[in-house]
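The values are calculated or read from the model by the stated rules, or taken from the named source; none is laboratory data. A quick note: this is a predicted structure, and the numbers were derived from the prediction, not measured. Positions of Cβ are backbone-derived with ideal geometry, glycine not excepted, and every protein chain shown enters the neighbour counts. We work out accessible area using only protein heavy atoms, side chains counted, and drop any ligands, DNA or RNA first. Shrake-Rupley method; radii C 1.70, N 1.55, O 1.52, S 1.80 Å.
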Amino acid sequence: EVYRSLKVLDGGIGVFCASGGVEPQSETNWRYANDSEVARVIYVNKMDRVGADFYRVVNQVKTILGAKALVMVLPIGEETGFKGIVDLLERKSYIWDDSGLPEKYVTGPVPDDLVDKVEQYRADLIETAVEQDDEIMERFLDGQEPTVEEIKKCIRKGTINLAFFPTYCGSSFKNKGVQNVLDAV
């Protein structure tokens, strides 16, 4: 029944638990979505839970699901210390307070301890995205970094073509990082 209903969808969100990872029922539903050629984004939820590990879940998406997770954000903190995300495209941090209100955040620069990791993941994001447009890729290979708008165009194309799956993280219960996923879809 789930399989038949997926055929009418234009897109979906694969939600994975940051501590539980890719579980068998998630794997089954992911395969249904593959069979129906449904474009998806990935949201790694419950980043504030004990045992939460964003990078482990991203690796499981690759090893268990055989999918390319296109990391769009990195977590700031982990488990009970999770407080926000870094947007890789904008190189901007979003840090929420503990009110549980999604609009109660401050933006700022990338935290010093994440600068190298942000640059590494951002480079991977851009290299993967530009493969969707020959002209942009050619300019990129000539040393010209594409604009954020050009990167977003490539990400959209690659998502629709199922080349990769934009990947976000947050804590839905505490409304941290949720808006970034909603803005993406």
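Structure summary
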quantity: Per residue solvent-accessible surface (Å²) - the chain, probe of 1.4 Å; calculated: 54
quantity: Label point 7 Å beyond Cα of Lys117 along Cβ direction - residues of region 46-63 with amide nitrogen under 14 Å; calculated: 47-48, 52-59
quantity: Potential lengthening between Thr63 and Asp124 on full extension [0.36 nm per residue; Cα-Cα distance subtracted]; calculated: 20.2 nm
quantity: Anchor Lys62: lysines whose Cα lies under 30 Å away (excluding residues fewer than 8 positions away in-chain); calculated: Lys7, Lys46, Lys83, Lys92, Lys117, Lys152, Lys153, Lys157, Lys174, Lys176
quantity: Tensor-based shape of region 47-87 (alpha-carbon gyration tensor, a/c under 1.5 rounded, otherwise prolate or oblate); calculated: oblate
quantity: Area accessible to solvent at Thr80, 1.4 Å probe radius, in Å²; calculated: 120
quantity: Relative contact order, percent, the chain [alpha-carbon distance under 8 Å, six or more residues apart]; calculated: 25
quantity: Separation in nanometres of the label points that stand 7 Å from Cα toward Cβ, at Ser172 and Leu101; calculated: 2.3
quantity: Helix-derived mean residue ellipticity, 222 nm - over the chain, DSSP H n ≥ 4, -39500 (n - 2.57), to 500; calculated: -11500 deg cm²/dmol
quantity: Theoretical gain in end-to-end length, Leu162 to Asn34 [0.36 nm per residue, Cα-Cα removed]; calculated: 45.2 nm
quantity: Test item: Cα-centred dipole of region 86-172, Lys/Arg +1 and Asp/Glu -1 on Cβ, debye; calculated: 340
quantity: Inter-probe distance in nm under a simple model that places probes 7 Å from Cα toward Cβ, at Lys92 and Glu23; calculated: 3.5
quantity: Tensor-based shape of region 124-176 (alpha-carbon gyration tensor, a/c under 1.5 rounded, otherwise prolate or oblate); calculated: prolate
quantity: Of all accessible heavy-atom area on region 1-159, the percent that carbon and sulfur account for (1.4 Å); calculated: 47
